[in-house]
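The values are calculated or read from the model by the stated rules, or taken from the named source; none is laboratory data. All values derive from a computational prediction rather than experimental measurement. Cβ placement follows ideal geometry from the backbone for every residue including glycine, while neighbour counts extend to all protein chains displayed. Side chains are part of the model used for accessible areas, which takes the heavy atoms of the whole protein and leaves out ligands, DNA and RNA. Shrake-Rupley method; radii C 1.70, N 1.55, O 1.52, S 1.80 Å.
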Amino acid sequence: MKYQKIAVLTGAGISAESGVPVFRSEDGLWEQHRIEDVATYEGFMRDKTMVHNFYNTMRQSLKSKVPNPAHKALTKLQQGLEAKGGKLFLITQNIDDLHEKAGSHDIIHMHGELNNILCESCGARIPFSDNSSVESVCPKCGRKTMRPDIVWFGEMPYRMDEIERCLGECNLFIAVGTSGVVYPAAGFVQICKHLGKPCLEFNLEPSAVHNMFTVSYYGKAGTTLPKFVDYLLAHDDLPSSKEICK
Ligand code: NAD
C-alpha cells in the first residue's frame, strides 16, 4: 500500500447522515440559535444558563445517535493501515462521539467534546454525560466555574502542536464534510499541499477551499467514503472521482 500514513480531518458533514445537524445553515442559525450566542465566550458571559442548556440538549440527543457508514469506513481504514504497519491520524472538528462509537481510537478532538466539561478556574477537563449549569461544581477545585468543553470562536483549538506533527508526517491528507471556512482547520489543506502531499476532499459540494485539493469526491460521505476506503486498501493509486461517485 502506497499511502501508509494518512491524516483525515472530519467536520460536521460526516455526522449529518447520523442525524446530527451541521453548523452552517443558510439562515446562519445552529439548532435555532445565533452562532454568536452559543459559540462565543461573549455569548456565554451574556447568558450562561441558556448556553449550558443548549449544550445539555445536544449532549442528551447524542445518546441516541449512531455512526453511519462514513464513520465506520474510517475505522476500517484505521484498522487496515495498522495491520500493514501504517497509521491513521484522525483529527475531528466534531464535538460528537460518533468516531468513538464506530470503534476508531486516538481521535484528536480539536474543538472539544460534548461529553466533557471544563473548569474555567483550574482547567480540569472532566468526562461528563449529565446536564451542567451555573451551579455545577468542579470535582477538582470545588469552584462553581464549569463551562461546556467546546472551543468557541476566538479560542485556541486543542492539540495544535500534535496536529502540525501529523500533517508533517502523513503522505496523504483527506478532508471529509467540512465547509473550509473555520480556521485553523480550513488551512490544513494548504499546509499539506505546500508540503507536496496529495489532498482529497469528500463533500456534498465544493468547499470554500476546494481549489487546494488534488481530487474531490462529491456526494454523501456515507456512500463515497466506504467505496474509497475499499479501493485504497486494495490498490497503490488513488481512485478517480468517476470511480467513486458513479
Ligand atoms: P459546517 O457545518 O460548516 O459544514 C459542513 C460541511 O459538510 C458542508 O461543507 C456540507 O456541504 C458538508 N456535508 C453535509 N452533509 C454531508 C454529507 N452527507 N457528506 C459529505 N459532506 C456533507 O461544518 P464544519 O466545517 O465542520 O465547521 C463547523 C464547526 O461546527 C466545527 O468546528 C464543529 O466544531 C462544529 N459542529 C460540530 C458538529 C458535530 O459534532 N457533529 C455539528 C455541528 C457543528
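What pairs come up if the first residue lies in the range 12-35 and is modelled with pLDDT of 85 or more, the second is open to solvent by 70 Å² or more (accessible area, probe 1.4 Å), and their beta carbons are under 7 Å apart, counting only those six or more places apart or on different chains?
As it stands, the answer is Gly13/Leu204; Glu17/Lys220; Ser18/Val66, since those pairs meet every condition given.
Just need a number here: residues in the range 37-47 that are open to solvent by 40 Å² or more (accessible area, probe 1.4 Å) and within 14 Å of Ile150 (Cα to Cα).
Just the residues of the range 37-47 that are open to solvent by 40 Å² or more (accessible area, probe 1.4 Å), to begin with: 41-42, 45-47.
Cutting the leftovers down to within 14 Å of Ile150 (Cα to Cα) gives us 41-42.
Residues that pass the stated criteria total 2.
Between a first residue in the range 42-70 that is closer than 30 Å to Pro226 by Cβ and outside any helix (DSSP H, G or I) and a second residue that is among the charged types (D, E, K, R) and within 14 Å of the ligand (Cβ to nearest atom), which pairs have beta carbons less than 7 Å apart while being 6 or more apart in sequence or on different chains?
Qualifying pairs under 7 Å: Lys65/Asp96; Val66/Lys101; Pro67/Lys101; Asn68/Glu17.
Just one of (1) free of Cβ contacts under 8 Å to residues at least 12 places away in the same chain; (2) assigned to a helix (DSSP H, G or I); (3) not aliphatic (A, V, I, L, M) trips up Gly196, so point out which.
Here Gly196 meets the rest and fails (2).
Take the residues in the range 173-193 that are free of Cβ contacts under 8 Å to residues at least 24 places away in the same chain and open to solvent by 20 Å² or more (accessible area, probe 1.4 Å); name whichever of them is farthest from Ile108 (Cα to Cα). Lay out the reasoning, then the answer.
The first filter runs over the range 173-193 and keeps only residues free of Cβ contacts under 8 Å to residues at least 24 places away in the same chain, leaving 183, 186-187, 190, 193.
Now restrict to residues that are open to solvent by 20 Å² or more (accessible area, probe 1.4 Å): 183, 190, 193.
Numbers: Tyr183: 16, Gln190: 19, Lys193: 21 Å.
So the residue we want is Lys193.
If you go through the range 152-167 one residue at a time, how many are closer than 19 Å to Phe54 by Cα and buried (at least 19 other Cβ atoms within 10 Å of the Cβ)?
1
Modelled with pLDDT of 95 or more, surrounded by fewer than 17 Cβ atoms within 10 Å (Cβ to Cβ), of a type outside the set (A, V, I, L, M) and out of contact with any Pro (no Cβ under 8 Å at 6 or more places or on another chain): which single residue out of Gln79, Gln93 fits that description?
On the way: Gln93 fails: surrounded by fewer than 17 Cβ atoms within 10 Å (Cβ to Cβ).
None of the others qualify; the one that does is Gln79.
Where residues in the range 205-227 are within 10 Å of the ligand (Cβ to nearest atom) and among the polar types (S, T, N, Q), which of them is surrounded by the fewest Cβ atoms within 10 Å (Cβ to Cβ)? Reasoning before the result, please.
First, pick out the residues of the range 205-227 that are within 10 Å of the ligand (Cβ to nearest atom): 205-208, 210, 217-225.
Of the ones still in play, those that are also among the polar types (S, T, N, Q) are 207, 223-224.
Details: Ser207: 23, Thr223: 17, Thr224: 23.
That would be Thr223.
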